[in-house]
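Step one of this worksheet: look at the structure below.
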Amino acid sequence: MSQVFKVKVNGQHQLTVDASQGNTLLEALEQAGLEPHYHCRNGFCGACRVQLTSGDVTYINDPLAFIRPGDCLACCCVPASDIEINQ
Amino acid sequence: MSYSTFNKNQINPLKEPMFFGNSVNVARYDQQKHSVFEKLIEKQISFFWRPEEVDVSRDRVDFQALTESEKHIFISNLKYQTLLDSVQGRSPNIALLPIVSIPELETWIETWSFFETIHSRSYTHILRNLFTDPSEVFEDIVINEEIQKRANDISQYYDDLIFYTQLWQTHGEGEWEVDGEMHTVNMRELKKKLFLCINSVNALEAVRFYVSFACTFAFAERDLMEGNSKIIRLIARDENLHLVSTQQIINLWQYGQDDPEMKEIAEELREEALQIFMNAVEQEKQWAHYLFRNGSMIGLNEEMLCQYVEYIANMRMEAIGFDAPFKQRSNPLPWMNKYLVSDNVQVAPQEAEITSYLVGQIDSEVSASDLGDFEL
């Protein structure tokens, strides 16, 4: 199954992410030049929280911060489908 | 109901609420109602560090070369942080341990407080290096008006909860007169006080440290006071973890994943909780004003610092379900991030660039395929 997914940011930017590459969503956003928020990059500070408006993500590291419904932590997840996020 | 250090009733900790249920008896961690606290304990322990590991001897030379206004900024921040960690090193234990009801949270509270005492010890380590006799600095913490104002706000919710818990544990529910004042003690009141207390601690861990962190890292950006900055990085990493725990508690309540009564209280006291946060933000801005009253420092001024407080407050408030109240959506101090990245914190040379260095860690599972590349 293909691991390449489309990520739509704030309804305008679109990028493609290959989830099998081991890059987190945060790294993918940075590579696309989008300057996402971050602090710990380790799943506990919650600074990289983005709204996940559609699609699913998989966590490659266990996040410690509370993930409110409709949010995801970009620093420790990869897309599991085409997703739309707001930051 | 009086507190027992070992509750002899048979209880199922998986069915207990986080607070105000049966007191904990067996400290067992094989099963957890809220496993996140167990994970927080493991993470925090893996972060263990000692202030003496960080060499601060060069800081003395740097400090002498600072301008008077910069010295004021540096020392005032250390005083404020000493106050914060003095409170945090004891209060979670005194206020929360008597009412906690699940073992993993009980141990998390103890672990959390213990790390705050490491922070307190590190301020002594820094100050002892800068001054032959640091007494004057420590003594000013209880005299200085600006610090006093903050101490009040920080400790009042703890003190209130502690006092009512004591009344409840010695007299039970009812109306009690103490020193001529009437106090109504019932479970609902106690839970409200707990809710406000956790919100006040959350605001403390979320924004109160960050003005001083920003100043410290601004010095480090100029290659000044680097020993101090190394220590503050370690402290910032720990504080982030502590913040996660209070955010977890608040969210678990809000989403009804713990005590259903706490969900009601969270809705009832939403405005008050918001006010606690906004007051903390306002106080931090006033603190920034106090710091820069004698002049600013290179790379940082009052306005930038206030913008940073707003930026970080937006983020922290969204994490517990409030709307972001400030316009500041971009990071006004982008260089701060490199000091806050957990993986960049250097603990000891052999541990550089890794998050948690486990002593003697080995992989005990070896499968035949691991040896696939070997040829004889």
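The values are calculated or read from the model by the stated rules, or taken from the named source; none is laboratory data. Note that this is a predicted model, so its numbers are computed, not measured. Positions of Cβ are backbone-derived with ideal geometry, glycine not excepted, and every protein chain shown enters the neighbour counts. With ligands, DNA and RNA removed, areas are computed over all heavy atoms of the protein, side chains included. Shrake-Rupley method; radii C 1.70, N 1.55, O 1.52, S 1.80 Å.
So here's what we get for this one:
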item	result
Shape of the stretch B:1-107, Cα gyration tensor, a/c cut at 1.5	prolate
Order of exposure, largest accessible area first, which applies to B:Phe219, B:Phe20 with probe 1.4 Å	B:Phe20, B:Phe219
Relative contact order, percent, the stretch A:4-86 [alpha-carbon distance under 8 Å, six or more residues apart]	38
Under the Karplus curve 6.51 cos²θ - 1.76 cosθ + 1.60, θ = phi - 60°, whole-Hz ³J(HN,Hα) for the stretch B:12-24, x wherever Gly or Pro sits	10, x, 6, 9, 7, x, 5, 10, 6, x, 6, 6, 5
Dipole moment magnitude, nearest 20 debye, the protein assembly as shown about Cα centre, only Lys, Arg, Asp, Glu C-beta charged	320
Accessible surface, 1.4 Å probe, highest first, among residues B:Tyr164, B:Tyr210, B:Tyr29, A:Tyr38	B:Tyr29, A:Tyr38, B:Tyr164, B:Tyr210
Whole-number D in µm²/s for the stretch B:190-243 (Stokes-Einstein; Kirkwood sum over Cα pairs; 25 °C, 0.890 mPa s)	199
Placed amide H near A:Ile60: partners under 5 Å, 5+ positions off or other chain	A:Cys77, A:Val78
Members of the stretch A:26-60 that become less accessible by 10 Å² or more once partner protein chains are added (1.4 angstrom probe, chain alone as reference)	A:His37, A:Tyr38, A:His39, A:Cys40, A:Arg41, A:Asn42, A:Phe44, A:Cys45, A:Ala47, A:Arg49
Modelled FRET efficiency - R0 41 Å, A:Asn86 with B:Phe6, Cβ distances, 0.05 increments	0.25
Order of exposure, largest accessible area first, which applies to B:Asp140, B:Asp370, B:Asp62 with probe 1.4 Å	B:Asp370, B:Asp140, B:Asp62
Three-way shape label, the stretch B:1-50, alpha-carbon gyration tensor, a/c 1.5	prolate
Convex hull volume per residue in cubic angstrom - Cα atoms of the protein assembly as shown	192
Diffusion constant of the stretch A:4-86 at 20 °C, which comes from Stokes-Einstein with the Kirkwood Cα-pair radius and 1.002 mPa s, µm²/s	174
Probe 1.4 Å, accessible area per residue of the stretch B:74-193, Å²	42
Residue with peak Gaussian network fluctuation, chain B [Cα springs, cutoff 10 Å], from B:Gln64, B:Gln32, B:Gln254	B:Gln64
Mean separation of Cα contacts under 8 Å, 6 or more apart, over the residue count of chain B: relative contact order %	19
Interface area, B with A, accessible, probe 1.4 Å, both sides summed, Å² nearest 100	2000
Those lysines that a straight Cα-Cα span of less than 17 Å connects to B:Lys327, excepting residues fewer than 8 apart in one chain	B:Lys285
From phi via Karplus (6.51, -1.76, 1.60), per-residue ³J(HN,Hα) for the stretch B:121-138 in Hz, x at Gly/Pro	4, 6, 5, 4, 4, 5, 5, 5, 6, 7, 10, 5, 10, x, 3, 4, 5, 5
Cβ-derived FRET efficiency at R0 56 Å, B:Glu365 paired with B:His289, nearest 0.05	0.45
Cut-off 20 Å (backbone N to label point 7 Å along Cα→Cβ of A:Lys6), residues of the stretch A:59-87	A:78-87
Cβ neighbours within 10 Å from other chains - mean over B:50-57	0
All-pairs alpha carbon distance profile, the stretch B:193-322, 5 Å steps from 0, percent	2, 10, 19, 19, 18, 12, 8, 6, 4, 2, 0
Exercise: per-residue mean of other protein chain Cβ atoms within 10 Å, B:238-248	4
Three-way shape call for the stretch B:80-181 based on the alpha-carbon gyration tensor, with the a/c threshold at 1.5	oblate
Protein accessible area in the stretch A:4-61, 1.4 Å probe - carbon and sulfur %	38
Sulfur and carbon atoms: percent of accessible area, the stretch B:25-183 [1.4 Å]	49
All Cα pairs of the stretch B:33-340, percent lying beyond 29 Å	37
